[in-house]
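Asks: Could you have a look at this structure, given as structure tokens, before my questions?
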Amino acid sequence: MGISLAANKVEGIRAVVCSEPYSARLSRMHNNTNIVAFGARVIGPETAKDIVDAWLGAEYEGGRHDARVAMLTEIEQTQSLAAAE
């Protein structure tokens, strides 16, 4: 989990921690994640492969998800969110 916290401090990074393939796929489709992370002591090698395959095989859907990704980008760039003010 720590690596995703650190990675998300870097501009342009949307990292996600996953313990199964479904969340990995949806993170890419709905949040346009560009880094996937998982704990080596949490999951086994075969599950790790399945997570990576699901994540790499998914594509960002855009559309209704664009507003959320735009809000993440706004927070990243301004350290605030205008909609929350």
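Asks: Of all residues in region 1-21, which are of a type in the set (Gly, Ala, Ser) and over 12 Å from VAL36 (Cα atoms)?
Replies: GLY2, ALA6, GLY12
Asks: Only residues that are acidic (Asp, Glu) and either under 19 Å from ALA24 (Cα atoms) or assigned to a loop (DSSP other than H, G, I, E, B) (or both): list them for region 52-78, please.
Replies: ASP53, GLU59, GLU61, ASP66 - these are the residues of region 52-78 that are acidic (Asp, Glu) and either under 19 Å from ALA24 (Cα atoms) or assigned to a loop (DSSP other than H, G, I, E, B) (or both).
Asks: Residue under question is SER23, and the condition is that it be of a type in the set (Ser, Thr, Tyr), modelled with pLDDT of 95 or more and out of contact with any Leu (no Cβ under 9 Å at 6 or more places or on another chain); does it hold?
Replies: For SER23, the condition - of a type in the set (Ser, Thr, Tyr), modelled with pLDDT of 95 or more and out of contact with any Leu (no Cβ under 9 Å at 6 or more places or on another chain) - is met.
Asks: ALA84: over 22 Å from LEU5 (Cα atoms), at pLDDT below 95 and not basic (Lys, Arg), yes or no?
Replies: yes
Asks: Is there any pair with a first residue in region 57-78 that is more than 16 Å from VAL16 (Cα to Cα) and a second that is charged (D, E, K, R) whose Cβ atoms are under 8 Å apart and which are 6 or more apart or on different chains, and what are they?
Replies: These pairs meet every condition: GLN77/GLU11.
The values are calculated or read from the model by the stated rules, or taken from the named source; none is laboratory data. Just so you know, these numbers come straight off a predicted model, no measurement behind them. Neighbour counts run over all protein chains shown; Cβ positions are idealised from the backbone, glycine included.
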